[in-house]
Amino acid sequence: APSINNHPSILKSRNDAIKEYENDFRAALVQHQLDTKALLKEAADLDLVMVPVEKITEARLRNVKFLQIANRKLRQLGAARCEANRDVIECLSMAEDVTFSIP
């Protein structure tokens, strides 16, 4: 007997859900880049040599939460972007590295 999980409408809705959660994951990374860029500008405007630790920590905690939520939903569908929380944090760190390297 064919599996109900292989029914075309179920596969389509699963694929749609994966796309939605992947978009959520990417959006959280982009948001972190935007937050980091804003914090860098704010620090520069105040003639600070670096972003205050408490400000970047706040942005990291907020954005990693959204990455973890999206990744957990992807994991439930068998399509996780990251296998462990440290991998989610590494994704966030790479987004920061990209932002720091933009002139």
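The values are calculated or read from the model by the stated rules, or taken from the named source; none is laboratory data. If you're wondering where the values come from, they're calculated on a predicted model, not measured in any experiment. Heads up, the Cβs are rebuilt from the backbone with ideal geometry, glycines too, and the neighbour counts pull from every protein chain shown. These accessible areas exclude ligands, DNA and RNA; they are computed on the full protein's heavy atoms, side chains included. Shrake-Rupley method; radii C 1.70, N 1.55, O 1.52, S 1.80 Å.
A full extension of the chain between Glu54 and Ile18 corresponds to an added length of 9.6 nm, given 0.36 nm per residue minus the alpha carbon distance. Note on the chain: Lys pairs 8 or more places apart or on different chains, Cα atoms under 18 Å apart, count 6. Overall size of the chain from C-alpha positions, given as principal axis extents largest first: 69, 21, 19 Å.
Of the GluC sites (Glu not before Pro) in region 5-103, the ones in a loop by DSSP (not H, G, I, E or B) with at most 12 other beta carbons within 10 Å are Glu83.
With a Förster radius of 30 Å applied to the C-beta separation of Ala79 and Ser101, the computed FRET efficiency comes to 0.55. Normalised by 2.2 N^0.38 Å, with N the number of residues, the alpha-carbon radius of gyration of region 33-87 equals 1.47.
Only protein atoms count toward the accessible area here, which uses a 1.4 Å probe; on region 11-103, the carbon and sulfur part of that area reaches 57 percent.
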